[in-house]
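Following: one structure in structure tokens, then a few remarks.
The values are calculated or read from the model by the stated rules, or taken from the named source; none is laboratory data. On a predicted model such as this, the values are computed, not experimentally measured, just so you know. Every residue, glycine among them, receives a Cβ derived from its backbone with ideal geometry; neighbour counts consider all protein chains shown. Accessible surface areas use protein heavy atoms only, side chains included; no ligands, DNA or RNA. Shrake-Rupley method; radii C 1.70, N 1.55, O 1.52, S 1.80 Å.
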Amino acid sequence: MLDVLDEPRFGGWMIWPTTEFIASRALETASTRDFDAAMALLARLTVGLTGEFAVRELLNARPERGLRIMQTWTEHDSEHVRRLATEGSRAYLPWAKRVPWLLARPRATRAILDATYRDPAEYVRRSVANHLNDLSRVDPSVVTEVAAAWAGEPDANTSRVLRHGLRTLIKRADPTALALVGFTGSSLRVARPRVPGGVVPWGGDLTFTAVVTNDGEEEATVAIDYSIGFRRANGSVSAKTFKLGSRRIPAGGSTAVTKTHSFRPITTRTYHPGPHHVTVQANGVLSPPGGFVLGGADGEENGTPDRRQQGATS
């Protein structure tokens, strides 16, 4: 493999199967020397594409040794290698094999995260934030513990890392997470969203307005999100939450928020005609759901979406 690394034609998508081959061959021998050589090769190859999926095989086999090597990558000159340390060790890396050892030990990657949350590359810092957010599904107390330590030693980018890394806990109205990113207000009220007409045409836009009221005696800094309850093929509803923004609301005051959400067909979601709903939340305080019906206009016949629109992409 070392002989092939400098071959000009070797690059791009050719790297992915190569990384898988390297991990597989290293594990066949069960040799420490081969394990370390494979980790070193993945660090070199990740610069050309990524080694984050293959490294999971090695972590599953020898997690403690693998993490010790990945810790050294946090000081590498290449941002791609530093990101391999943060991304490859995520609890719930998308499309990747799980590493049960990591799920059982949510503090195991703390040293890697502490070494990279102030990384000069936004590419790496975003991976750190996603890694921290993954841990919200494992142990929220670990997440707030780590975030509090970073908040005590911040740099110019730490607030952004914390907001992105704590996003799940913020949506759950975790009080520590809200305080760490500067959101305040414990006496909030959110009115039912108003959906003019109550019908969204197939491929059209949902526009809604909701009023958030601060019943407290001090100004509130509020994180506002919204959720859409999407109808599934079997008639059940699955909610998806989206960020809306933040507002400062004076004591006893209110603010109206308006949002337009597109229902243009996309490849990552299949829409189904029928009842849907939208809710708005402020610091995790939910509004009553505002109902609407998707369909009933251009692009639908007898409740069946236009197939040409279904195949469109965003």
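Kindly indicate whether ARG194 is open to solvent by 30 Å² or more (accessible area, probe 1.4 Å), more than 20 Å from the chain's Cα centre (by Cα) and basic (Lys, Arg).
yes
Specify the residue that is nearest to ARG163 (Cα to Cα); the eligible residues are those in the stretch 99-119 that are in a loop (DSSP other than H, G, I, E, B) and in contact (Cβ under 8 Å) with a residue 12 or more places away in the chain.
TYR117
Does at least one position in the stretch 78-96 carry a residue that is surrounded by fewer than 21 Cβ atoms within 10 Å (Cβ to Cβ) and touching a Gly at 6+ places or on another chain (Cβ under 7 Å)?
No: zero hits.
Which pairs have Cβ atoms under 6 Å, sit 6 or more apart or on different chains, and link a residue in the stretch 262-287 that is more than 30 Å from ASP215 (Cα to Cα) to one that is open to solvent by less than 10 Å² (accessible area, probe 1.4 Å) and part of a strand (DSSP E or B)?
PHE263/VAL200; PRO273/LEU294
Yes or no: the stretch 196-207 includes at least one residue that is at pLDDT 95 or above and of a type in the set (S, T, N, Q).
yes
Please go through the stretch 126-159 and give me each residue that is of a type in the set (D, E, K, R) and in a loop (DSSP other than H, G, I, E, B), ordered by number.
Within the stretch 126-159, ARG137, ASP139, GLU153, ASP155 qualify.
Quickly run through the stretch 199-217 and pick out the residues that are touching a residue at least 40 places away in the same chain (Cβ under 8 Å), open to solvent by 20 Å² or more (accessible area, probe 1.4 Å) and in a loop (DSSP other than H, G, I, E, B).
PRO201, GLY203, listed by residue number.
Take the residues in the stretch 235-287 that are part of a loop (DSSP other than H, G, I, E, B) and among the hydroxyl-bearing types (Ser, Thr, Tyr); name whichever of them is most open to solvent (accessible area, probe 1.4 Å).
Among residues in the stretch 235-287 that are part of a loop (DSSP other than H, G, I, E, B) and among the hydroxyl-bearing types (Ser, Thr, Tyr), the one most open to solvent (accessible area, probe 1.4 Å) is THR268.
Which members of the stretch 1-31 meet the condition of being outside any helix (DSSP H, G or I) and closer than 22 Å to LEU59 by Cα?
MET1, ALA30, SER31
Have a look at SER127, SER141, SER136 and point out the one that is at pLDDT 95 or above, touching an Asp or Glu at 6+ places or on another chain (Cβ under 7 Å), polar (S, T, N, Q) and over 28 Å from SER31 (Cα atoms).
SER127
Test ARG107 against the criterion of being over 18 Å from ALA223 (Cα atoms), surrounded by fewer than 18 Cβ atoms within 10 Å (Cβ to Cβ) and not small (Gly, Ala, Ser), and give yes or no.
yes
For ARG65, only one of the following conditions fails: (1) over 22 Å from the mean Cα position of the chain (by Cα); (2) touching a residue at least 40 places away in the same chain (Cβ under 8 Å); (3) under 21 Å from THR32 (Cα atoms). What is its number?
(2)
Starting from residues that are touching a residue at least 24 places away in the same chain (Cβ under 8 Å) and in a loop (DSSP other than H, G, I, E, B), keep the ones in the stretch 218-234 and report whichever is least open to solvent (accessible area, probe 1.4 Å).
Among residues in the stretch 218-234 that are touching a residue at least 24 places away in the same chain (Cβ under 8 Å) and in a loop (DSSP other than H, G, I, E, B), the one least open to solvent (accessible area, probe 1.4 Å) is ALA233.
Can you find a residue that is at pLDDT 95 or above, in contact with a Leu (Cβ under 7 Å, 6 or more places away or on another chain) and either polar (S, T, N, Q) or not in a helix (DSSP H, G or I) (or both) anywhere in the stretch 54-75?
no
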